[in-house]
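Structure first, then comments.
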Amino acid sequence: MEMLSEFIVVTVMAICFGSGYIIKSSLDFIPNKYIPLIMGVLGVLLNTWLNGFTFTPEILLGGLASGLAATGAYEVVKNLKNKDTSLPK
């Protein structure tokens, strides 16, 4: 897991996070099960674009890791938010 953190590109992750949130909240015709796939592909495309349209295994891995990390970050935030609201007062 530590090795994958070397490949995460923060810019790509932030763009994927925002795009995933828009898809999740606005586009009801896209099933939730396809959002990680879309974020992975978008991450690869963005990382390729940021690196001058060169395509190497490192760029592929960086894009996939960043796109999927954005999906995971959304789930963490959602779970933490739901956990706070379910605590007894």
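What follows is calculated from the coordinates using simple rules that are stated; it is not laboratory data. Because the structure is a prediction, the values reported are computed rather than measured. Quick reminder, even Gly has a Cβ in these numbers, built from the backbone with ideal geometry, and neighbours come from all protein chains shown.
General observations
- Amide H partners (placed H, <5 Å) of VAL9, local residues excluded: SER66
- Positive-pole candidate from GLY52, ASN79, PRO36, dipole of region 2-81, charges at beta carbon: ASN79
- Counted by Cβ distance under 15 Å from ASN47, the other residues give a net charge of -2, where Lys and Arg count +1 and Asp and Glu count -1.
- Listed candidates [x] 1.20; [y] 1.51; [z] 1.87 - label of the one calculated as Cα Rg over 2.2 N^0.38 Å: [x]
- Helix-only [θ]222 nm of the chain, DSSP H runs n ≥ 4, -39500 (n - 2.57) each, per residue, nearest 500: -24500 deg cm²/dmol
- Here the contact order of region 2-81, divided by its residue count and restricted to Cα pairs under 8 Å and six or more residues apart, works out to 43 percent.
- All other residues whose Cβ lies under 15 angstrom from that of LYS33 are scored, Lys and Arg at +1 and Asp and Glu at -1, for a net of -1.
- Sites excluded, chymotrypsin sites (Phe, Trp or Tyr not before Pro) in DSSP loops with at most 11 other C-beta within 10 Å, longest stretch of the chain: 54-89
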